[in-house]
Amino acid sequence: MTSNAAISVTGLNKSFGDTSVLKNILLDIEAGERVVVIGPSGTGKSTLLRCLNYLDRPDSGSIRVGDLNVDPASASRADVLALRRRTSFVFQNYALFANKTARENITQALITVKGQSEADAIARADETLRETGLIDKANSYPAALSGGQQQRIGIGRAMALDADLMLFDEPTSALDPEWVGEVLDLMRRVAEKRQTMLIVTHEMQFAREIADRIIFMSDGQIVEQGPPRQLLENPQDPRTKAFLRRVGKTGSSEGYS
Ligand code: ADP
Ligand code: MG
């Protein structure tokens with residue numbers, strides 16, 4: 001456990017009913033590190049990300065971000081809100097408010113999660129809209145935007161929070177193929193700033209380019225992990241080998257979610 005870990009997770013367990021979905025997850029992510037998680041459908045990747053943000057409450061395990069330590073045995077509402085300020089989430093289906101404009105979707109998050117004033121929230125939202133290339137869409141409602149533009153707003157909302165860790169759960173899986181490129185381009189720009197990122201994706205070429213580390217998960221456990229070249233070219237575990245054979249080197253996401 002190094003001192004500049006952006007997040008340290010120990011002994012994380014989560015079950016739904018009788019089904020154990022996360023089994024004793026141990027994970028440290030360094031500040032500035034870009035980590036990609038891959039693995040078969042139903043393996044617990046989304047549940048892991050959701051537990052890190054307490055969208056799902058873990059059954060046990062501690063999550064440390066900076067000086068904040070959150071444990072389900074003792075976590076207060078204030079601890080959970082503090083964790084959400086430090087971790088931001090990009091959803092597969094964007095999760096934008098349909099009745100709010102692009103700008104309002106971002107200001108709303110800044111006001112509720114960070115307690116910013118409306119004026120500060122608008123200034124930060126517009127800065128983010130410029131960064132994502134969508135300032136001209138500030139007053140558009142999600143229904144008037146393409147899937148790619150909606151997801152760029154989803155990413156902009158997460159960027160605006162200036163979180164210690166950005167979580168991305170298959171951010172391009174719901175997109176028509178024509179919009180995937182612009183979303184990956186925006187994520188590349190976020191990665192270039194050395195924002196700490198934990199990304200679930202099947203875009204293997206993208207993972208190879210931007211990841212400092214790839215984690216392969218199966219059946220609720222981290223099976224193996226390493227730098228992209230090592231994990232993709234020289235996987236050790238039979239489950240990793242079988243998965244990589246199925247998704248291939250470039251990783252079309254078709255058929256995997
Ligand atoms: P992945 O993202 O790797 O596809 P998930 O984390 O979504 O996997 O799901 C892991 C397992 O947990 C699956 O068996 C799924 O059906 C189950 N699961 C996820 N969320 C819930 C929930 N809210 N209630 C019950 N079961 C769930
Ligand atoms: Mg998932």
message = Which numbered condition in (1) touching a helix residue (DSSP H, G or I) at 6+ places or on another chain (Cβ under 9 Å); (2) outside any loop (DSSP other than H, G, I, E, B) is the only one that A174 fails?
response = (2)
task = Output the number of the condition that K100 fails; it satisfies all remaining conditions of (1) surrounded by fewer than 19 Cβ atoms within 10 Å (Cβ to Cβ); (2) within 23 Å of K14 (Cα to Cα).
result = (2)
ask   = of a type outside the set (D, E, K, R) and within 16 Å of ligand 1 (Cβ to nearest atom): does that describe L52?
value = yes
ask   = Filtering segment 7-56 down to residues that are assigned to a loop (DSSP other than H, G, I, E, B), in contact with a strand residue (DSSP E or B) (Cβ under 7 Å, 6 or more places away or on another chain) and over 19 Å from P72 (Cβ atoms), which residue is farthest from ligand 2 (Cβ to nearest atom)?
value = A31
G61, sole failed condition from (1) within 19 Å of the chain's Cα centre (by Cα); (2) assigned to a strand (DSSP E or B) = (1)
ask   = Looking only at residues in segment 1-27 that are open to solvent by 40 Å² or more (accessible area, probe 1.4 Å) and of a type in the set (D, E, K, R), which one is farthest from A207 (Cα to Cα)?
value = D18
query = Residue check: is L129 touching a residue at least 12 places away in the same chain (Cβ under 8 Å) and farther than 27 Å from G39 by Cβ?
reply = yes
message = Can you find, within segment 40-95, the residue that is most open to solvent (accessible area, probe 1.4 Å) among those that are touching an Asp or Glu at 6+ places or on another chain (Cβ under 8 Å) and of a type in the set (A, V, I, L, M, F, W, C)?
response = F91
inquiry  = Which of the numbered conditions does A207 fail, given that it passes all the others? Conditions: (1) open to solvent by 40 Å² or more (accessible area, probe 1.4 Å); (2) within 27 Å of N24 (Cα to Cα); (3) of a type in the set (A, V, I, L, M); (4) assigned to a helix (DSSP H, G or I).
reply    = (1)
message = Among the residues of segment 237-255, are any among the acidic types (D, E) and modelled with pLDDT of 95 or more?
response = yes
ask   = Looking only at segment 172-185, which residues are closer than 22 Å to D126 by Cα and surrounded by 22 or more Cβ atoms within 10 Å (Cβ to Cβ)?
value = V183
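The values are calculated or read from the model by the stated rules, or taken from the named source; none is laboratory data. Small disclaimer: the values here were computed from a predicted structure and weren't measured. Heads up, the Cβs are rebuilt from the backbone with ideal geometry, glycines too, and the neighbour counts pull from every protein chain shown. These accessible areas exclude ligands, DNA and RNA; they are computed on the full protein's heavy atoms, side chains included. Shrake-Rupley method; radii C 1.70, N 1.55, O 1.52, S 1.80 Å.
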